[in-house]
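Q: One structure is given below, represented as C-alpha cells, and several questions about it will come after.
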Amino acid sequence: MKNKYKFLPKGWKKPKVTQGSNKFYEVFADVVEKNEFQKDILKLRKILGIPKKGFPENKFKDSQKELIFVPFKATKIILNKYNLHFIFYETIEDYILYNKIERYWDVVGGGNMCLVDDAQELFEDPYTKETQKEDARYYPVLIRIQRNASKRDVIDFINKNFKTIEYIQKKYIPSGQKRRIRKKINRERNNFIYQNRYLKIKELIKKIKSKFGKSPLDFEIRKIVYQEKKRRK
C-alpha cells in the first residue's frame, strides 16, 4: 500500500483492521450525525472562514494545505464536548476542513475498543502524563497481564472475569447511554433517506433505487426517518 501519510516512517505497514477499530468508526460516525455536532462544526467553519460544506480536497496543493489549519483549541473543544479520545484529533480537523471522515486510527493504529501498553515504559516516560490521563478517561478498565501469560491464559481470564469487567465499565457509562455499539450496515442509505425526507414518497423511492439498486417499502422509509430523527437529537 502506498504511504500517502508523510508523517509515517519509510517501510510502514498499515495495522490490521479489527472489529474494535470498526466499532471505533461507528462511535465517531454517530457523533458526526448529531444535529448539535453539525451546528458546532458550522459555527467553527464560519469563524475560520471555511465554506459551509468544507473545502474540496483537490483545491489545494500539498504545500498550500500546510497553510490551512484549524486551531488546536477549537479541535480540543469538540473532542471534550463529545467525549472523544485524542486520537480523533486529526479526523476532527479534517472533517472541519473538508467535511470528510478520514480514519487515521486505522493508519497509525491505536484506535480500537481495547488498548495495549507497556506498563514499565509508561512509568519511565515523563512526557506521557497527559496521554495517560486521556487514555484512562477513554479506557477506564485495566487488565494486567503477567509476562509469562499465554494467549489461552488471557482469553480464559477474560471469559471467567467478564462480569467484573462489565461492572467497572458501567461505572463510566453516562446515564441513558447504551453500552453496546452496533454496526449500522445501511448507514449511507439511511443518511440519504433522512437528507431527502421532504420528497414525496414515490420520488424518494425512485431516487433510493437509482442510487442503491433497491429501496425499502414506504412504511419502512417512514420508520427509518423517525429513527434517524430521534438518533440525531
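The values are calculated or read from the model by the stated rules, or taken from the named source; none is laboratory data. Because the structure is predicted, anything quoted here is derived from the model rather than measured. Note that each Cβ is placed from the backbone with ideal geometry, even for glycine, and that neighbours are counted across all protein chains shown.
Q: Can you pull out the residues in region 193-233 that are closer than 17 Å to residue 31 by Cα and surrounded by 12 or more Cβ atoms within 10 Å (Cβ to Cβ)?
A: Within region 193-233, the subset closer than 17 Å to residue 31 by Cα is 194-195, 227-233.
Of everything in region 193-233, those that are closer than 17 Å to residue 31 by Cα and surrounded by 12 or more Cβ atoms within 10 Å (Cβ to Cβ) turn out to be 194, 227, 228, 229, 231, 232.
Q: Let me ask another. Kindly provide the set of residues from region 190-211 that are assigned to a helix (DSSP H, G or I) and in contact (Cβ under 8 Å) with a residue 24 or more places away in the chain, ordered by number.
A: Just the residues of region 190-211 that are assigned to a helix (DSSP H, G or I), to begin with: 190-195, 201-211.
Matches in region 190-211: 190, 191, 193, 194.
Q: Same structure again: Any residue that is at pLDDT 85 or above, part of a loop (DSSP other than H, G, I, E, B) and either touching a strand residue (DSSP E or B) at 6+ places or on another chain (Cβ under 9 Å) or of a type in the set (Val, Ile, Thr) (or both) - is there at least one of those in region 50-60? Walk me through it before giving the result.
A: Of all residues in region 50-60, those at pLDDT 85 or above come to 50-55.
Within this subset, residues satisfying the condition of being part of a loop (DSSP other than H, G, I, E, B) are 50-55.
Subset that is either touching a strand residue (DSSP E or B) at 6+ places or on another chain (Cβ under 9 Å) or of a type in the set (Val, Ile, Thr) (or both): 50.
Yes, region 50-60 contains a residue that is at pLDDT 85 or above, part of a loop (DSSP other than H, G, I, E, B) and either touching a strand residue (DSSP E or B) at 6+ places or on another chain (Cβ under 9 Å) or of a type in the set (Val, Ile, Thr) (or both).
Q: Identify all residues within region 146-169 that are outside any helix (DSSP H, G or I) and loosely packed, with under 12 Cβ neighbours inside 10 Å; write none if there are none.
A: Initially, region 146-169 is screened for residues outside any helix (DSSP H, G or I), giving 146-150.
Within region 146-169, 146, 147, 148, 150 qualify.
Q: Is it the case that region 105-122 has a residue that's at pLDDT 85 or above and either in a helix (DSSP H, G or I) or more than 29 Å from residue 23 (Cβ to Cβ) (or both)? Walk me through how you get there before you give the answer.
A: Within region 105-122, the first condition is being at pLDDT 85 or above, and the residues that meet it are none.
Within region 105-122, not a single residue is at pLDDT 85 or above and either in a helix (DSSP H, G or I) or more than 29 Å from residue 23 (Cβ to Cβ) (or both).
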